[in-house]
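These notes are about the structure you will find just below.
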Amino acid sequence: MSRRNLVAAIFFAIVAIFLVFGALMMHPFGEFDEEHYPEMDQYIIDNTQNETGADNGVTGVVFDYRGFDTLGEATVLFTAVAGVILLFRRLKK
Amino acid sequence: MSGMSRIVKTITNVAFPFVMIYGLYIIARGHLIPGGGFQGGVVVASSLAMVLVAYGSIWIVGKVKEKNLSVLESLGAICFIGLGFIGVILILFYSSFEGSFLKNFLIGQDTIPIFNEIGKGISNINTAGIIPLMNFSVGMIVIAGLFVILLVMAYATRIKEGK
Amino acid sequence: MIYNIPYIAAIALILLGLYALIFKRNLIKIVIGILLIENGVNLFLITLAFRQNSITPIYPITGDKSMSLPVPHALTLTSIVIGVCVLALMLSLIVHIYRHYGTLDVRKIGREKE
Amino acid sequence: MLEDTMINIVHIVVPILIVVVSIYAIYLKDLIAAAIAVSAMSLLLSLEFYILQAPDVAIAEVGLGAFLTTAILIIAIRATKKEEEA
């Protein structure tokens with residue numbers, strides 16, 4: 001094992017230890033007590049039919065409460081298409 | 001990639017319209033059932049990709065021009081941003097209007113008198129203001145973008161014949 | 001402890017992707033590692049959004065059940081589409097690298113012309 | 001009662017299957033087989049999303065992850081080498 005692999009293995013072990021301890025110390029799966037109560041999500045669930053008119057809460061969040069995220073996502077898709085066409089332009093003929 | 005065998009082409013001919021209509025259904029009713037612009041666009045792009053794999057990219061390039069798909073994608077993006085800016089522009093005409101970018105200006109309004117009554121009987125399809133229109137524009141962006149990516153990559157790396 | 005299994009599965013996906021990212025030398029295997037990390041993060045977000053004895057966030061609601069949280073679902077939806085865009089750009093660059101150098105090994109790229 | 005027990009069993013079995021299939025995606029030397037393993041992993045992940053009450057994300061994942069990702073990966077693998085050396 002070379003020196004590069006040794007350093008990489010040590011780094012990998014440190015990250016693995018932190019991630020596994022983080023997973024074991026999460027709150028129990030599917031239960032929310034008062035400390036972790038999701039106030040923002042509860043507000044959206046209660047008001048999405050009056051404020052946006054959509055029955056589907058996820059569509060209400062994507063297109064109304066967080067419309068800027070959708071705009072940025074469309075920009076990323078546009079840029080990816082432009083990049084792929086630019087990269088393969090010379091190989092087409 | 002050149003075309004595949006006759007069995008694959010026949011099954012593609014049978015399955016293609018059903019998958020495409022299912023995707024358009026998901027886009028059109030995205031505010032009432034699980035679905036929306038992204039998911040329906042992905043399903044329609046999957047059906048187009050199935051035709052691409054079955055018939056080969058050279059046949060597709062003879063039928064569909066790449067520039068037309070770029071125009072479709074740009075049209076979707078312009079529709080999305082335009083719908084966002086209408087919420088700002090309406091401030092100039094109605095002084096009591098509280099507008100902002102991406103404001104849902106069709107919900108809870110009475111300037112267009114009969115709009116909210118259209119489609120009330122047909123299972124409330126017109127309840128969400130501008131959200132269905134945004135679903136259509138995002139669906140256009142996703143269909144054209146993913147199909148252009150697959151088409152360009154498959155045509156540029158095609159297996160050259162007679163070499 | 002036994003009900004924390006989705007958290008542990010997400011962490012295992014992230015660690016497997018990190019292993020492929022560090023120790024593999026083929027470029028396409030590295031891309032597969034990045035895909036695994038992405039799916040692990042998506043699974044973690046959806047797991048955070050789950051509430052016990054709940055339904056999907058779509059009206060009408062029946063009975064006295066609660067709804068699962070809608071904001072992490074929206075974030076995950078955006079993340080999945082962006083992941084495919086990044087994958088297409090990475091694979092286009094890999095095809096160009098293979099045509100220029102004739103190999104996919106990370107150690108041999110850039111050392112041919114010396 | 002029986003329904004709750006079944007859902008609990010599925011909550012335990014499906015994540016274990018996801019981890020096993022992703023280990024195969026790393027381990028296999030043939031790159032097309034690895035791409036198919038990634039596709040199977042995305043399919044199981046969409047099943048897990050459906051159990052966790054997120055059908056929107058499940059539809060997007062089964063379209064993008066299990067179909068288009070595999071198509072793009074196989075197009076790129078066909079243009080390059082099909083085996084991983086050593």
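The values are calculated or read from the model by the stated rules, or taken from the named source; none is laboratory data. In this text, all values refer to a predicted model and were calculated from it rather than measured experimentally. Here the Cβ positions follow ideal geometry from the backbone for every residue, glycine too, while neighbour counts run over all protein chains shown. Accessible surface is based on the protein model in full, side chains and every heavy atom, while ligands, DNA and RNA are left aside. Shrake-Rupley method; radii C 1.70, N 1.55, O 1.52, S 1.80 Å.
Overview of values
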read-out: Average accessible surface area per residue within the stretch A:14-93, 1.4 Å rolling probe, Å²; value: 57 Å²
read-out: Estimated buried accessible area (total), pair C and A, 1.4 Å, Å² to nearest 100; value: 3900 Å²
read-out: Chain-alone versus full-assembly comparison, the stretch A:1-40, residues with accessible loss of at least 50 Å² (1.4 Å probe); value: A:F12, A:L19, A:A23, A:L24, A:M26, A:F29, A:G30, A:F32
read-out: Sequence-distant residues sharing a close amide H with C:M67 (under 5 Å, placed H); value: C:I55
read-out: The stretch C:2-101 - accessible surface per residue (Å², probe 1.4 Å); value: 35 Å²
read-out: J(HN,Hα) series, the stretch A:13-28, from Karplus relation 6.51 cos²θ - 1.76 cosθ + 1.60, nearest Hz, glycine and proline x; value: 5, 5, 5, 5, 5, 5, 5, 5, 5, x, 5, 6, 9, 5, 5, x
read-out: Accessible solvent surface per residue of chain D, calculated while the other protein chains remain in place, 1.4 angstrom probe, Å²; value: 44 Å²
read-out: Potential lengthening between B:E66 and B:S95 on full extension [0.36 nm per residue; Cα-Cα distance subtracted]; value: 5.9 nm
read-out: Rounded D (µm²/s) - the stretch A:3-92, Kirkwood Rh over Cα pairs, Stokes-Einstein at 4 °C, 1.567 mPa s; value: 70 µm²/s
read-out: Carbon/sulfur fraction of accessible area - the stretch D:2-79, other protein chains in place, 1.4 Å, %; value: 77 percent
read-out: Rounded percent of accessible protein surface that carbon and sulfur make up, the stretch A:3-92, 1.4 Å probe; value: 64 percent
read-out: Where D meets C: accessible area buried, both sides, 1.4 Å probe, Å²; value: 3700 Å²
read-out: Cα-centre dipole for the stretch C:2-101 with unit charges at Cβ (Lys and Arg positive, Asp and Glu negative), debye to 20; value: 340 debye
read-out: Sites excluded, trypsin sites (Lys or Arg not before Pro) in DSSP loops with at most 14 other C-beta within 10 Å, longest stretch of chain C; value: C:66-106
read-out: Heavy-atom accessible area, 1.4 Å probe, ligands and nucleic acids excluded: residues of the stretch D:22-41 down by at least 30 Å² from chain alone; value: D:S22, D:I26, D:L31, D:V38, D:M41
read-out: Debye log10 I(q)/I(0) for the protein assembly as shown, one point scatterer per Cα, at q = 0.06, 0.07, 0.10 Å⁻¹; value: -0.29, -0.40, -0.81
read-out: Backbone HN-Hα couplings from phi across the stretch C:60-68 [Karplus 6.51/-1.76/1.60, Hz, Gly and Pro as x]; value: x, 9, 10, x, 9, 8, 9, 10, 6
